[in-house]
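I have placed the structure first, in the form of structure tokens, so that the comments after it can refer back to it.
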Amino acid sequence: MPLTARLYGHGTLDVTLDGLGVGMAWEAVYRVRPRPVLACTECGLAMHAKVSGRGGRFFAHDRRSTTCAAAGETEEHRALKRALAAAARETGHRAELEVRAAHGGWRADVLVTALSGARTALEAQVSSASVDEVLERTRRYQDDGLGVVWFTHRAARWLDRVPAARLYRPAGPDGPWIRLHPLVRRFSVVACAEVCDPSPFWHGPVHASWDHGEERDLPQFVDALLYSRLVPRTATTALGTRYDGWAAPEDVTAAEEYAASMQATRPAPA
């Protein structure tokens, strides 16, 4: 769905939600008299140009709409969706905004379709959401065979309950969504002698651990995600599956094999 307003008058022009027109400046539609006639390209209802409290430029419906998919969205949410779609397209995948399931069970902020036909929903969550809500929406995607990854700038309670990535909020209203918190980890097994000199008697022969995480920018992360060069780290607990950042598949396999080898060498209980 193109989140744009359409300007009617001397010809027809599309005016994008970040305030840039096709051959037209923002000042030509914002607080001008006579007021230009703007209509939502999604529902056809009248719209007007606005500036948010943080200084972001966007378009809003003249009257509250309960049916338009674009109604009620903040410009911050739209900007993140555009950033996710752009990052996915840079990888060579097809990315569409606001795609609904034929049965109505879900509506993806960004639906990415690979050449193989595999589909992944990228969800932009800038407002608060409960753990139950996010889990339920995730389940709907998974039931239809879709992958799903959530993106937010919030320290949300559900970050370790679903595949997710936390971003740094842009410094300004027109700033790009680009930086992610450190979330990519690597697993290593190093001989103790290479780390400790001298080696304490209570240490084992090796040091095996995950590092503290690496920062990635949004395009890098989405590229690695969509080409399966990164997968979520998971653990099964009494509360269900827990997620702890992302890692290369080979690192996940190495960690699992190391854990299995340690379990096999433990002495049997007397």
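List of remarks:
- Backbone N within segment 172-189 under 15 Å of label point (7 Å from A155 Cα along the Cβ vector): 181-182
- Given charges at beta-carbon only (K, R positive; D, E negative), |dipole| of segment 75-166 in Debye: 100
- The R100 and K50 beta-carbon pair, evaluated with R₀ = 25 Å, returns a calculated FRET efficiency of approximately 0.40.
- By the equivalent-ellipsoid construction on the alpha carbon gyration tensor, segment 105-219 comes out with semi-axes of 36, 19, 15 Å, ordered largest to smallest.
- In this simple spin-label approximation, A235 and R63 carry label points 7 Å from Cα along the Cα→Cβ vector, and these lie 5.5 nm apart.
- Binned Cα-Cα distance frequencies in segment 193-262 - 10 Å width, integer %: 16, 36, 30, 16, 2
- Segment 74-147: relative contact order as a whole-number percent, Cα under 8 Å and 6+ apart: 25
- Taking one quarter of the surface of the convex hull spanned by the alpha-carbon atoms of segment 75-166 gives a direction-averaged projected area of 5.8 nm².
- The phi-based Karplus calculation (6.51 cos²θ - 1.76 cosθ + 1.60; θ = phi - 60°) puts the 3J(HN,Hα) values of segment 249-255 at x, 5, 6, 4, 4, 4, 5 Hz, whole numbers, x for Gly and Pro.
- For segment 84-136, a crude dipole built from +1 on the beta carbon of Lys and Arg and -1 on the beta carbon of Asp and Glu, taken about the Cα centre, is about 300 debye to the nearest 20.
- Separation in nanometres of the label points that stand 7 Å from Cα toward Cβ, at S127 and Y227: 3.6
Every number here is computed from the coordinates shown, using simple stated rules; none is lab data. As the structure is a computational prediction, the values presented were derived from the model and not from experiment. FYI the Cβ positions are ideal-geometry reconstructions off the backbone, even for glycines, and counts take in every protein chain you see.
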